[in-house]
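J.: Here you go, one structure.
Taken together, the values in this text are just the output of simple stated rules run on the coordinates, not laboratory data. It should be emphasised that the depicted structure is a prediction, and the values quoted were computed from it without experimental measurement. Neighbour counts run over all protein chains shown; Cβ positions are idealised from the backbone, glycine included.
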Amino acid sequence: MTRHFDDLQLGSLELFCLAADAGSFTEAATLAGVTPAAVSRSVARLEERLGVRLFVRTTRQMRLSEAGQAYYQHCRQALGQLVEAERQVTGGQLEPAGRLRISAPTPYAHHRLLPLLPRFRQRYPGVQVDVHVSNRNVDFADEHFDLAIRGRAPADSRLVARRLEDAELVVVATPGYLARAGTPRTLEDLAGHECIQFELPSSGRRPPWSFRRDGQLVELQTQGAFTCLGDFLATTTLARHGGGLMQAYRFTVQDALDSGELVEVLAGHGGTSRPFMLVYPQVWHMPLKVRVFIDFLVGEVALPLG
């Protein structure tokens, strides 16, 4: 059998894929434990062999050329198959290990993710877990996160988004607030109420409240004296203490609804939801610690879509 690649060329393919994933020679060099010059030489070696430019580079950015994108897809698939073959051959001897870095928004972290982590650690004791609890969107490349949970699919094509669940929205208030301000019966009644606001850290925008009317989705901008910045759970804390109406995820207030601490209103206009997505970089070799966590979380919380 004729050899098509030597060890140096295979190493160049790996560095090329790392550079494509990271969007930077410097970042790829950091991940691979080599110098940026070594990554640059490897890519230049491949470009000379192929007779095409793999990257389009300017002073401001670096991106794959059209030929580079096609070559990257084939290389990533081929290298992934090699890694998977090795994993299957030695799989009985491998145990997930290392530090896993996860970012999650406050409502999902406190009510979904954190309660599950002790069970994950019991199953995979070799994995240590760092949890970043914030409604700020993290940068995977700069902050070295393995996974994130977000409320929408990212625009970045280098990231994979896997839907975990559609979280139902409900409007709630305390019995005391409703006795004082009255119970809203129609969507128009919201204009006369204190509606607790949340400001998105990423955009500074206050998201509208979502309802259904005559089978159609309706989004309304509400008004109120209270605005919470940064921590979405602060809005439900305000609602629990009589601060006004709040549209919250049902899973964050179900205990208070069950106990009567909070009351659901406008249920006839309910039935709306927002998704939570598990987001991670699209890489040709996924570390085992990441793979088992994805399988674990999806198995624990993913719900069938309606």
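J.: What's the magnitude of the charge dipole for segment 109-182 around its Cα centre, counting Lys and Arg as +1 and Asp and Glu as -1 at the beta-carbon? Answer in Debye, nearest 20.
T.: Approximately 300 debye in magnitude.
J.: If you bin the C-alpha pair distances of the chain every 20 Å from 0, what whole percents do you get?
T.: 27, 45, 23, 4, 0
J.: Can you tally the net charge around Ala22? Count Lys and Arg as +1, Asp and Glu as -1, for every other residue whose Cβ sits under 11 Å from the Cβ of Ala22.
T.: Summing Lys and Arg as +1 and Asp and Glu as -1 gives -2.
J.: With only alpha-carbon pairs counted, each pair once and no self-pairs, how large is the Kirkwood hydrodynamic radius of segment 156-219 in angstroms?
T.: Taking every pair of different Cα atoms in segment 156-219, averaging 1/r and inverting gives 15.0 Å.
J.: If the chain between Gln81 and Gln221 were fully stretched, how many nm would it gain, using 0.36 nm times the residue separation less the Cα-Cα distance?
T.: Gain on extension, Gln81 to Gln221, equals 45.4 nm.
J.: Looking only at the chain, where both bridge partners belong to it, what percent of the DSSP beta bridges are antiparallel (to the nearest 5)?
T.: Antiparallel: roughly 70 percent of the beta bridges in the chain.
J.: Sorted from largest to smallest, which semi-axis lengths in Å does the alpha carbon gyration tensor of segment 166-274 give for its equivalent ellipsoid, taking the root of 5 times each eigenvalue?
T.: 18, 17, 14
J.: For Asp146, what is the net charge nearby, where nearby means another residue's Cβ is under 12 Å from its Cβ and Lys, Arg count +1, Asp, Glu -1?
T.: Cβ neighbours under 12 Å give a net charge of +2.
J.: Could you tell me what percent of the DSSP beta bridges with both partners in segment 166-274 are antiparallel, to the nearest 5?
T.: That works out to approximately 80 percent antiparallel.
J.: Hey, if you put +1 on the Cβ of every Lys and Arg and -1 on every Asp and Glu Cβ in the chain, which of Leu50, Pro105, Gln77 ends up farthest toward the positive end of that dipole?
T.: Positive-most Cα among the choices belongs to Leu50.
J.: Just to be sure I follow: if Rg is taken over the C-alpha atoms of segment 8-90 and Rh is the Kirkwood radius over the same atoms, what is Rg/Rh? Can you show the working numbers first?
T.: On the way: Rg = 12.8 Å, Rh = 13.0 Å.
Using Cα coordinates only, the ratio equals 0.98.
J.: Give me the net charge for the shell around Leu200: Cβ to Cβ below 15 angstrom, other residues only, Lys and Arg +1, Asp and Glu -1.
T.: Charge balance near Leu200 sits at +3.
J.: Note down the relative contact order for the chain as a percent, whole number, built from C-alpha pairs under 8 angstrom at least six residues apart.
T.: 21 percent
J.: Could you give the distance between the Cα centres of segment 123-184 and segment 210-286, to the whole Å?
T.: 12 Å
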